1. Within the stretch 218-234, track down each residue that is more than 9 Å from the ligand (Cβ to nearest atom), surrounded by fewer than 24 Cβ atoms within 10 Å (Cβ to Cβ) and within 13 Å of W132 (Cα to Cα).
2. What are the residue pairs meeting all of these: first residue in the stretch 129-142, first residue touching a residue at least 60 places away in the same chain (Cβ under 8 Å) and more than 10 Å from the ligand (Cβ to nearest atom), second residue assigned to a strand (DSSP E or B) and polar (S, T, N, Q), Cβ atoms under 6 Å, and 6 or more apart or on different chains?
3. Taking strands (runs of 3 or more DSSP E) that do not extend beyond the stretch 17-119, which have at least 3 residues that are closer than 15 Å to T153 by Cβ?
4. Which condition from (1) within 14 Å of the ligand (Cβ to nearest atom); (2) assigned to a loop (DSSP other than H, G, I, E, B) is the one that Y237 breaks?
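None of the figures in this text is laboratory data; all of them are computed from the coordinates on show. Keep in mind the model is a prediction, meaning the values are calculated, not measured. For neighbour counting, all protein chains shown are included, and Cβ atoms are generated from backbone atoms with ideal geometry for every residue, glycine included.
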Amino acid sequence: MPSSLSDAQWAQFEEVGYLCLGKLLDEHELDELQERIDQIMLGRAKVPYDRMLMQLDSATGKYSDAGEQTRGFKGATLEYRKIQDLEYDPVFLRFLQRPIFRDVCARLLGAEASVSVFRAMFMNKPAGRGTWLPWHQDRWNFLDRDPPITVWTALDPATKENGCVQVVPGSHRLGIINPAHHSAFLTDEQTAQHVSADKIVFLELQPGEVVLLRNWLLHASDVNRSTTSRRAFSVCYIDAATRTNDGGSFLIVFGAGALDRRETNGQ
Ligand SMILES: O=C(O)CCC(=O)C(=O)O
């Protein structure tokens, strides 16, 4: 398994704002992550549910109808839309601490920088359901700097039919589209300006395949019109020096002070 990117891959990533790394999970590793997230959704895993953000899917497909994004278990169901704080789970932590991701972060942040996870989240589109995620950039005004990268891993096939991530190549070079707003969602006018059918690339992936996303890259994802779920694991890495506007910091996963999975709750 490669543990670093070639210069050509890196140049392509910087040019279009995303890069498919291919399959980084073998069948056994994939089964383990699939099984683990299902156990977490069903309330059967030994994880700190009270500190994990858990959101139920919408029944209508509308973003505004999705459940509240709050901490704590919301019931035993596979119809969660989002589960965040998976760095507290040893199985997901082990995956997100892989050397290849360390290499990617070192290229972006410098080899000496410690790296934290801003969010490590499960993103789900249950079969025949799912929620339309409008066009947006990944940025948050309560952080003192913008996160550079998200690593998105398919845990099921990700297809146009089941709501794979769609992107506008090169759009990360537009810079920040809504600097003054907390919301990084585009208005209808901005969407009409920056997104058109001929520009969209659908990131269709096999289970276990990984794609890197520059955080300013415009992206969205549709509802799931298929009979299979679209489970995915999305990790946003940041410089560990990043602070929230009230001084908060984030768990370190690479470099000095990095969390060891034995320090998490255990399996
Ligand atoms: O998984 C999705 O549908 C979208 C994910 C996303 O927006 C992200 O990972 O930043």
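1. Selection gives V223, R225.
2. Filtered contacts from the stretch 129-142: F142/T244.
3. On the way: elements: 18-23, 53-56, 80-83.
Passing ranges, in order: 18-23.
4. Every condition holds for Y237 apart from (2).
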